[in-house]
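Every number here is computed from the coordinates shown, using simple stated rules; none is lab data. Quick caveat: nothing in here was measured; it's all calculated off a predicted structure. Virtual Cβ from ideal backbone geometry, glycine too; neighbours counted across all protein chains shown.
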Amino acid sequence: MAVLLNKSDMAASIGISVQAFDKWGVIPVERKGREVFYDVKTVIEKDRERRQRKQQPDDDENDDLETQLLKERISLTAEQARSQRLKNQVKEGELIDTGFCSFALSKLAMDLSSILDAIPLSMQRQFPELSPQQVEHLKRLVAKGANACARAGDQLQAMMDEYISDTDE
């Protein structure tokens, strides 16, 4: 003899809400007016099927996961190949790191700045007939150049960004 329970009693006996029990999609065995009755054996079988489905992913999901994994592996392999090409170009001297370029150009700008600072004094010694106004004018012009050289290190990032944006167009 089958044991029949209504929806609320069946949900309470399983320990879930009535709304959760509705989602299981159990087919009622008997109806009396508005009340619906379920067979305990059917509900237990439905629960067992539901738990098995939860534990084992569908073949479609499995295929999707395998496809996604394959795509990710391909992407990773391509990125590794790109990275290796860049490393090889650095070793061969075809590619230089931007950090090194910034360092080298900053050092060069500082050297130029110190050379420019020495020009007015050298000119005054070489040509003593230069008037003080001419020497002062020369000092101002050379100071502008020296300051431009000194600021070059700070402006390298902006110059690089401008270059990249110009070449992308």
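Residues within the reach of a label modelled at Arg51 (point 7 angstrom out along Cα to beta-carbon, backbone nitrogen below 13 Å), restricted to region 1-31, are 14-15. Calculated FRET efficiency, Ser83 to Gln157, Cβ-Cβ distance, R0 = 30 Å: about 0.80 to the nearest 0.05. Give the average over all directions of the projected area of the C-alpha convex hull of the chain, one decimal, in nm². Its Cα hull, projected and averaged over all orientations, spans 23.9 nm². Look at the alpha carbon pairs under 8 Å that are at least 6 residues apart: their mean separation over the length of region 4-55 gives a relative contact order of 37 percent.
Show which lysines lie in cross-link reach of Lys46 when reach means a straight Cα distance below 18 angstrom and same-chain residues fewer than eight apart are skipped. Leaving aside lysines fewer than 8 places away in the same chain, those within reach of Lys46 are Lys7, Lys23, Lys54.
A simple charge model with +1 on the Cβ of Lys and Arg, -1 on the Cβ of Asp and Glu and nothing else charged puts the dipole of the chain at about 600 debye relative to its Cα centre.
On the basis of the beta-carbon distance and an R0 of 35 Å, Ile27 and Ser75 show a calculated FRET efficiency of 0.15.
Each 5 Å bin from zero up to the one holding the largest Cα-Cα distance in region 10-105 carries the following percent of pairs: 2, 9, 11, 11, 8, 6, 6, 6, 6, 5, 5, 5, 5, 6, 4, 3, 2, 1, 0. Farthest towards the positive end of the charge dipole of region 4-55, among the residues Trp24, Gln52, Ala11, is the Cα of Gln52, using unit charges on the Cβ of Lys, Arg, Asp and Glu. Assuming 1.002 mPa s and 20 °C, estimate D for region 96-168 with Stokes-Einstein, Rh taken as the Kirkwood radius over Cα pairs, in µm²/s. In µm²/s, the coefficient rounds to 153.
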